[in-house]
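Here the structure comes first, spelled out in structure tokens, and everything after it is commentary.
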Amino acid sequence: MVIAIRPFRSDDAPQVAEIVRRCLREVNSQDYPVEVIDRMCGHFTAARFVELSAGRDIYIADEGGVVGTVSRDGNKVHSMFVDPDAAGRGIGRLLMDHVEALAAADGHEHMEAGASITAHRFYLRRGYQDVRESESGFGLTYLVRKPLRPSAA
Ligand SMILES: CC(C)(COP(=O)(O)OP(=O)(O)OC[C@H]1O[C@@H](n2cnc3c(N)ncnc32)[C@H](O)[C@@H]1OP(=O)(O)O)[C@@H](O)C(=O)NCCC(=O)NCCS
């Protein structure tokens, strides 16, 4: 089935929250202590995604159901999660291509992301470079940055 990248709708929120919960429990838990995973699970509820959608653009990878999500606030990437059952099939790449193209079209020169330990190498592979490490209630993350090509538009 074809994977479409489309804007989030509020009725996606339960599926999005479930994918995030599974990523945190099954994937990120290899890199973060259980207290951090619990805190992040408490943060990323379905209701929180509906709230967040008022202030940032949230996108869905849809393959007859939600298989991934990413959010964009200007040139900043947030909340990038791919269903663990669908990992390694290029869905993360499609989501990032989408938000990077939108940021370039808006005239941004760089894209920035707060990468989890788990996703750090995914971003480095896409040409992002480390800016600094940051420690928060959500644990260690890496601020990473990549130049964007000017849009042809
Ligand atoms: C990180 C994540 C978004 C990647 O999504 P994905 O759909 O599996 O990634 P893709 O299949 O599009 O992979 C794109 C490329 O990155 C590479 N890659 C993906 N995850 C990687 C990882 N953890 N380490 C190294 N390389 C990775 C792939 O091998 C692929 O390489 P290629 O270009 O040579 O083919 C996904 O694994 C995920 O949701 N992880 C858990 C949640 C998380 O940490 N999210 C990020 C919060 S900042």
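The values are calculated or read from the model by the stated rules, or taken from the named source; none is laboratory data. Just so it is clear, the model here is predicted, and its values are computed rather than measured. Because the Cβ atoms are built from the backbone with ideal geometry, glycine has one as well, and the counts that use them run over all protein chains shown.
Does the range 75-90 contain at least one residue that is surrounded by fewer than 19 Cβ atoms within 10 Å (Cβ to Cβ), out of contact with any strand residue (DSSP E or B) (no Cβ under 6 Å at 6 or more places or on another chain) and aliphatic (A, V, I, L, M)?
yes
Using beta carbons and a limit of 8 Å, which pairs, at least six apart or on different chains, have the first residue in the range 9-36 and touching a residue at least 60 places away in the same chain (Cβ under 8 Å) and the second one part of a helix (DSSP H, G or I) and within 9 Å of the ligand (Cβ to nearest atom)?
Close Cβ pairs (under 8 Å, with a partner that is part of a helix (DSSP H, G or I) and within 9 Å of the ligand (Cβ to nearest atom)) amount to 22/84; 23/84; 27/84.
When residue 138 is evaluated against the numbered criteria (1) surrounded by 15 or more Cβ atoms within 10 Å (Cβ to Cβ); (2) at pLDDT 95 or above; (3) hydrophobic (A, V, I, L, M, F, W, C), which criterion, by number, is the only one it fails?
Residue 138 satisfies every listed condition except (2).
Run residue 66 past the list (1) free of Cβ contacts under 8 Å to residues at least 60 places away in the same chain; (2) within 8 Å of the ligand (Cβ to nearest atom); (3) within 25 Å of residue 4 (Cβ to Cβ) and report the number of the one that doesn't hold.
Here residue 66 clears every test but (2).
Residue check: is residue 13 part of a helix (DSSP H, G or I) and buried (at least 18 other Cβ atoms within 10 Å of the Cβ)? It would help to see each step written out before you state the result.
Values: part of a helix (DSSP H, G or I): yes; buried (at least 18 other Cβ atoms within 10 Å of the Cβ): yes.
When the stated conditions are applied, residue 13 passes them.
Just to be sure, is residue 5 modelled with pLDDT of 95 or more, assigned to a helix (DSSP H, G or I), within 14 Å of the ligand (Cβ to nearest atom) and crowded, with 16+ Cβ neighbours inside 10 Å? Working first, answer last.
Details: modelled with pLDDT of 95 or more: yes; assigned to a helix (DSSP H, G or I): no; within 14 Å of the ligand (Cβ to nearest atom): yes; crowded, with 16+ Cβ neighbours inside 10 Å: yes.
No: the conditions fail for residue 5.
Could you check the range 78-128 and list, in sequence order, the residues that are more than 7 Å from the ligand (Cβ to nearest atom), β-branched (Val, Ile, Thr) and either at positive phi or in contact with a Leu (Cβ under 9 Å, 6 or more places away or on another chain) (or both)?
Hit for the range 78-128 is 117, nothing else.
Kindly indicate which of 19, 37 is aliphatic (A, V, I, L, M), in a helix (DSSP H, G or I) and in contact with a Leu (Cβ under 6 Å, 6 or more places away or on another chain). Quick ask: steps written out before the conclusion?
On the way: 19 fails: in contact with a Leu (Cβ under 6 Å, 6 or more places away or on another chain).
Unique residue meeting the criteria: 37.
Could you list, in sequence order, all residues of the range 69-88 that are over 20 Å from residue 53 (Cβ atoms) and in contact (Cβ under 8 Å) with a residue 40 or more places away in the chain?
Going residue by residue through the range 69-88, those that are over 20 Å from residue 53 (Cβ atoms) are 84-88.
Passing the criteria: 84, 87.
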